[in-house]
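J.: Following this message is one structure expressed as structure tokens.
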2 protein chains.
Amino acid sequence: MSRVLIIGAGGVGRVVTHKCAQVTEVFSEIWLASRTLSKCDQIASEIDSTTIQTAQVDADNVPELVELIKRVEPQLVINVALPYQDLTIMDACLETGVHYLDTANYEPPDEAKFEYKWQWAYQQRFQAAGLTALLGSGFDPGVTNVFIAYALKHHFDRIHQVDILDCNAGDHGYPFATNFNPEINIREVTANGRFYENGQWVETRPMEISRVFDFPQIGPRKMFLLYHEEMESLTKHIPVERMRFWMTFGESYLKHLEVIQNLGLDSIQPIEIQGQQIVPLQFLKALLPDPATLGPRTKGKTNIGCIIKGEMAGQPVSRYIYNVCDHQACYRETRAQGVSYTTGVPAMIGAKMILQGKWRKPGVWNMEQYDPDPFMADLNRYGLPWQDQEFDIDIDTLPVDE
Amino acid sequence: MSRVLIIGAGGVGRVVTHKCAQVTEVFSEIWLASRTLSKCDQIASEIDSTTIQTAQVDADNVPELVELIKRVEPQLVINVALPYQDLTIMDACLETGVHYLDTANYEPPDEAKFEYKWQWAYQQRFQAAGLTALLGSGFDPGVTNVFIAYALKHHFDRIHQVDILDCNAGDHGYPFATNFNPEINIREVTANGRFYENGQWVETRPMEISRVFDFPQIGPRKMFLLYHEEMESLTKHIPVERMRFWMTFGESYLKHLEVIQNLGLDSIQPIEIQGQQIVPLQFLKALLPDPATLGPRTKGKTNIGCIIKGEMAGQPVSRYIYNVCDHQACYRETRAQGVSYTTGVPAMIGAKMILQGKWRKPGVWNMEQYDPDPFMADLNRYGLPWQDQEFDIDIDTLPVDE
């Protein structure tokens with residue numbers, strides 16, 4: 001029986017709160033805090049089975065966080081606020097002696113670079129405090145890391161190659177909208193690609209490498225090689241020859257992004273209009289549909305998984321482990337669509353692992369460093385069932401274009 | 001020896017002023033007025049051969065216009081301000097007894113519809129006052145009307161079909177920019193197409209009909225059927241079976257326009273941001289390169305002309321009359337690129353026709369209603385030389401796509 005404090009009341013916070021409230025044998029008391037109290041109260045009002053308590057907090061402010069944690073006295077803080085706030089929340093957990101979990105690694109607000117170094121630097125302090133920090137317990141990073149650890153445990157003596165494939169085939173009916181903060185979306189797509197090969201990182205131009213892959217339950221979609229943050233920890237913890245990450249984007253989505261860049265609408269440098277300084281990216285956000293309104297409109301499925309090649313007892317093995325999620329089913333259950341759902345459910349399961357003591361060691365940990373089996377079992381139980389099958393397609397032979 | 005008052009100091013006003021100053025035997029005294037006096041002074045400072053006098057005026061304000069015209073005492077007002085201001089300037093000309101010329105017909109600011117009815121309604125008043133109003137003395141409308149009148153005078157007993165082809169192959173090196181007010185640009189492209197056939201107007205969806213035409217001195221370009229204002233007067237004054245207007249647009253230009261619409265950046269409904277009401281279209285204008293900066297960057301050519309089919313002495317005849325203009329040559333001469341140049345030169349020539357008495361009848365007139373020969377001769381003399389050749393391509397058999 002444990003008390004948990006969830007920080008962040010966006011789409012993911014909504015899903016985490018809904019899902020924790022479904023597992024009262026572990027999460028006997030749930031607090032939800034964010035900068036905007038009314039968002040917390042709205043989510044709490046939707047959940048009738050459990051009493052959710054709410055609070056207001058500025059997650060950039062360590063003393064405020066410490067005061068809230070001291071008042072609530074949780075065993076664990078689930079951080080689903082912004083990636084910029086990981087370090088302040090980790091600081092507050094250390095100061096109050098509380099376990100920590102997040103879904104995306106820290107990014108300095110002015111650097112546009114996701115790296116684990118900032119959070120790995122907390123290793124000694126969490127060890128010394130006897131506290132667990134579980135990093136990246138969303139889907140990717142998160143479930144994809146666990147899929148690979150599971151494959152290594154059950155199917156492989158050695159893994160040679162990993163391809164992580166992320167397909168969101170949801171259709172919200174708008175010509176253009178982003179599922180989350182468009183700034184992060186645009187940064188991800190416009191950055192150089194990068195993959196790991198023979199101990200080195202190989203850079204590609206943005207969107208340089210593509211393949212058309214036939215996603216189970218979705219169909220053929222064009223996917224592009226990107227850098228994605230889970231590869232940093234995975235290549236450190238699991239020896240592989242090559243690891244790549246692929247994400248699907250539709251023609252229309254890419255066209256809109258290209259024009260947004262060409263017009264300078266993604267700029268964070270203010271321009272003057274009507275005597276006011278306005279940041280173009282803020283203006284774009286104001287023009288675009290509110291991501292929170294996409295939930296009820298979004299139809300279709302997500303498919304995220306890993307194609308893993310290697311060997312077992314001297315024989316070549318190739319597996320494909322993936323989850324398919326239906327946007328509308330997610331919305332019916334939690335009033336959030338699939339992108340929030342696939343991140344929020346693993347956050348709840350990671351929290352459950354820590355509170356049940358299955359994944360609890362002093363220090364800062366990535367998902368692949370724990371036993372995957374209990375986590376994999378809970379994915380099937382709590383809404384993210386997975387397939388694990390033999391699969392012998394060579395991605396490099398797939399067509400580049402639809 | 002005549003005094004002329006030019007109202008409007010944008011790109012076209014710049015060209016008109018430069019060109020009038022080259023013809024001192026007709027324009028012995030030149031005044032240039034606009035809302036922003038410094039723009040007039042800048043243009044005047046570039047021209048050393050003639051003394052240009054400048055003034056400030058709000059062209060929406062009839063009493064202000066009347067006061068200025070009374071002070072300057074011109075024989076003619078050349079209106080190259082905004083189309084919204086045609087009627088106030090006509091009113092002021094009537095009140096002061098001065099001839100009138102413009103390059104684009106009046107558009108009510110709230111209707112987004114170019115129609116001649118507003119200005120044709122001044123017919124009686126200009127007749128009664130013994131004054132000439134010459135409408136649409138730019139390139140299209142303007143020179144295209146004269147090309148057709150010239151063809152009818154010299155090559156045809158009867159015209160059956162007219163296709164007006166407008167190609168701007170200029171490249172300013174920006175991913176997206178508009179040569180003039182982007183609002184008018186966007187309206188033109190996003191409106192339904194319309195052409196004249198057998199006494200009726202036939203509507204098309206926006207950009208529904210396209211053909212790839214090999215423009216002389218430019219090469220193959222994809223052109224789209226649009227409605228364009230000169231067809232309203234031409235079909236009234238010259239009997240034809242069919243008349244169409246085509247304009248070229250590049251893939252990239254169309255892609256940017258489509259996204260601008262999808263994002264709602266072309267909207268004139270304000271949205272709230274940082275507590276301010278901001279009109280998206282105004283924000284777009286602030287993001288885009290200033291059209292005035294395109295001049296020195298723009299390379300390439302324009303080709304605007306008319307393909308005319310009909311009969312002469314019982315034999316079928318097909319002619320193509322067109323002008324090719326080089327953006328950089330225009331800029332060297334007038335510090336304005338081809339789109340301003342091709343509009344400004346015909347405005348000067350139309351003014352010359354009126355002041356020399358060659359095109360001077362009391363009333364409101366369109367270009368095709370006068371003798372084309374002296375105007376055509378001046379086009380060759382003042383920078384817009386034309387070709388007039390046999391031409392037997394059938395546009396309808398051309399490919400739809402590049």
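The values are calculated or read from the model by the stated rules, or taken from the named source; none is laboratory data. Note that the coordinates shown come from a computational prediction; the quantities given were computed from them, not determined experimentally. Here the Cβ positions follow ideal geometry from the backbone for every residue, glycine too, while neighbour counts run over all protein chains shown. For accessibility, only protein heavy atoms count, side chains too; no ligands or nucleic acids. Shrake-Rupley method; radii C 1.70, N 1.55, O 1.52, S 1.80 Å.
J.: Quick one: which residues, 5 or more positions from B:G142 or on another chain, have an amide H under 5 Å from its amide H? H modelled 1.01 Å from N in the peptide plane, none for Pro or chain starts.
T.: Here the answer is none, since no amide H 5 or more places off falls under 5 Å of that of B:G142.
J.: For the pair B:Q22/A:H154, report the inter-label distance in nm, with labels modelled 7 Å from Cα in the Cβ direction.
T.: Between B:Q22 and A:H154, the label points sit 8.2 nm apart.
J.: Ranked highest first by the average count of other Cβ atoms within 10 Å around their residues, in what order do B:350-357, A:268-275 fall?
T.: In descending order of packing, they fall as B:350-357, A:268-275.
J.: Is the range A:146-248 best put as rounded, prolate or oblate by its Cα gyration tensor, with a ≥ b ≥ c the root eigenvalues, rounded for a/c under 1.5, and otherwise prolate when a/b is larger than b/c, oblate when not?
T.: Judged from the Cα gyration tensor, the range A:146-248 comes out prolate (a/c at least 1.5, a/b above b/c).
J.: Dipole of the range A:257-402 (Lys/Arg Cβ +1, Asp/Glu Cβ -1, origin at the Cα centre): which of A:W365, A:L355, A:G338 lies farthest to the positive side?
T.: A:L355
J.: Using a basic spin-label model with each label point 7 Å from the Cα along Cα→Cβ, how many nm lie between A:V400 and B:Q277?
T.: Computed distance between label sites A:V400 and B:Q277 equals 5.2 nm.
J.: Can I ask one more? Residue of B with Cβ nearest the axis relating B to A, plus distance in whole Å?
T.: B:V259, 2
J.: Here is a further query. Using a Förster distance of 25 Å, how high is the FRET efficiency between A:D171 and A:D290, based on the Cβ-Cβ distance and rounded to 0.05?
T.: 0.90
J.: Which whole number gives the average count of other chain Cβ atoms within 10 Å of the Cβ atoms across peptide B:54-65?
T.: Partner-chain Cβ atoms within 10 Å, mean over residues of B:54-65: 0.
J.: Could you tell me whether the range B:181-339 comes out rounded, prolate or oblate from its Cα gyration tensor? Rule is a ≥ b ≥ c as square roots of the eigenvalues, rounded for a/c under 1.5, then prolate if a/b exceeds b/c, otherwise oblate.
T.: oblate
J.: Let me ask another. Does the range A:64-182 come out rounded, prolate or oblate by the C-alpha gyration tensor, with a ≥ b ≥ c the root eigenvalues, rounded set by a/c under 1.5 and, if not, prolate when a/b is larger than b/c and oblate if not?
T.: Taking the square roots of the gyration eigenvalues as a ≥ b ≥ c, the range A:64-182 is oblate.
J.: Only Lys, Arg, Asp and Glu count, each charged at its Cβ (+1, +1, -1, -1), so figure out the dipole size of the range B:185-270 about its Cα centre, rounded to 20 debye.
T.: The calculated dipole for the range B:185-270 is roughly 140 debye.
J.: Points 7 angstrom from Cα along the Cβ direction at A:A329 and A:V202: gap in nanometres?
T.: According to this spin-label approximation, the distance is 3.7 nm.
J.: For a Förster distance of 56 Å, can you work out the FRET efficiency between the beta-carbons of A:T36 and B:Q315, rounded to the nearest 0.05?
T.: The formula returns an efficiency of 0.10 here.
J.: Once the label point is placed 7 Å from Cα along Cβ, list for B:P362 the distances to the corresponding points in the other copies, in nm, shortest first.
T.: Shortest to longest, the spacings are 10.6 nm.
J.: Of the options B:T298, B:V324, B:G310, report the single residue whose Cα projects farthest towards the positive end of the charge dipole of the range B:292-356 (beta-carbon charges: Lys, Arg +1; Asp, Glu -1).
T.: Checking the options against the dipole of the range B:292-356, the answer is B:T298.
J.: When the chain is fully extended, how far beyond the present Cα-Cα distance does A:R71 get from A:K361, taking 0.36 nm per residue of separation?
T.: 101.9 nm
J.: Now for a separate question. For the protein assembly as shown, what % of the accessible area comes from carbon and sulfur atoms, probe 1.4 Å?
T.: Heavy-atom surface of the protein assembly as shown belonging to carbon and sulfur, 1.4 Å probe: 46 percent.
J.: What does the charge dipole of the protein assembly as shown about its Cα centre add up to, to the nearest 20 debye, if the Cβ of each Lys and Arg holds +1 and the Cβ of each Asp and Glu holds -1?
T.: 360
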